[in-house]
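Encoded as structure tokens, the structure appears first; notes follow it.
Every read-out reported here was derived from the displayed coordinates using simple, explicitly stated rules and does not represent laboratory data. Please read all numbers here as calculations on a predicted model, not as lab measurements. Glycine also receives a Cβ, built like all others from the backbone with ideal geometry; neighbour counts cover every protein chain displayed.
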Amino acid sequence: MFDSTFDYDFTNNNNNNNSNIMNSSSLLDSSSILTTLSLTNYNRSLALKWIVRIIGGLLIAIGTIGNTLSALTLSRKKLRIQVTSIYLIALALSDLGNIFFSVLNFYLVRISEQNNMRLYHNIACKLHIFFTYYFINLSPTLLVAVSVQRYLAIAKHHYSKRHCTVKNAYIIITLIAIISFCIQLHWGIFYELKSVPRINKQNITYIKTVCNISSQYPTYLWFRSNIVGYLQWFFFTLCPFVIMLILNSLILKVIASAKRVQQRINNKNQRKKTKQRNMTIMLLSVSCVFILLTAPASTFMAFSHLFHAHSEKFDSLWIMFSLIYYTNTAANFLLYFLTADVFRQELRVMFFSLSCCIKLFGTRTKNSTTTIVTALNNDKNLISKKNGTIVVDDHKNITKTVNSQLLVVHNNIYHNEDTQL
């Protein structure tokens, strides 16, 4: 048997040579394809990692500085007496919470999973996931509240004057914060640190610590997996979108119909209408940008079960949608600065009131003022030596010029007292 088999193999070696070459070439092709795919996946993951590092770092820096400046500027005396400013301060603080609990952890986890702030302790797991969803869902609620207030201020002026006060704004914001706290409390109750088995690419099983739902609550696990995503999307994405769309449309309609009346009112009321229109444009831009930036990620998260078949594409899409969503936390300050004149004025005043700016610009202003006054005194001494009516006119012209120059210097530090939202 051995000899016959050997002879058969030997005699058929030439006949099977071509088939062996084809098999080896197919193996080489498949291995090259696998190598190409692995390199493609590696390059994709590396590119996403650097995108998260660059864009995430910029969002954290711009969002932190921008929202801090927004809260400080809107808290100034001339702005905090306005109802709209109170809501925008709360929105800036909510965005700061979003940056610390959502954007920062998203940035750290994409650099290294060991940096996950939820894995430090079981309490950190509960608190972090609670505040993450708390601030994520608090921002759209505050935007709806400020949209309602703005609509009442534009369309129902008498009702707004009686009921939309600063005191009531504080009460409404407090109620929103408490209700949101109660609604999102389930995240901190049912989540905990747990060790679960995982299989890596080399088919090696290892134990990984995760912040996930406790195995003691299978009913909540089903509720979280099948219901919560849709509820989040409906109440904190779709409903705010519809409400803000309707209110902003009504506001634009009221403004458009009021243009015909503005020609018959005095200049003071016209300036007031202009300021209201600028504030309305600012809130419209904030609402539109919020909807455009947050809707993709919220919708993707609600219907994420449809994408589980493609895990790599799922991760890539989730990272991109998350970056788009987190851009909203850094966008409001830029929108305030670009669309609201009064915000820019108060920001400038706050900047020049800092001690370092007073030392830098205050010295220049003082020197400029001293130079101008000295020039005026010299001109007066020169004029006193002259005679004739032309000298009087020259004195008046010089005095007017110096006064205008002093006014310009003064306006570099202070702005009009009639500033209001």
Ascending count of other beta-carbon atoms within 10 Å, so fewest first, for D341, D95: D341, D95
Listed residues C182, S195, N226: farthest to the positive end of the dipole of the range 131-231 (Cβ charges): C182
Phi-based couplings in Hz for the range 235-248 (Karplus 6.51, -1.76, 1.60; Gly and Pro marked x): 7, 10, 10, 5, 4, x, 4, 5, 5, 5, 5, 5, 5, 5
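In what order do S180, S257, S139, S316 fall by count of nearby beta-carbon atoms within 10 Å, going from fewest to most?
On the way: S180 19, S257 10, S139 23, S316 15.
In increasing order of surrounding Cβ atoms, one gets S257, S316, S180, S139.
Got the relative contact order for the range 51-177 handy, in percent, Cα pairs under 8 Å and 6 or more residues apart? Mind showing how you got there, number by number?
Values: 108 pairs, mean separation 35.0, N = 127.
About 28 percent, as a whole number.
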Among the listed pairs K126/K161; K167/K253; K78/K126, those beyond 31 Å (Cα-Cα): K126/K161; K78/K126
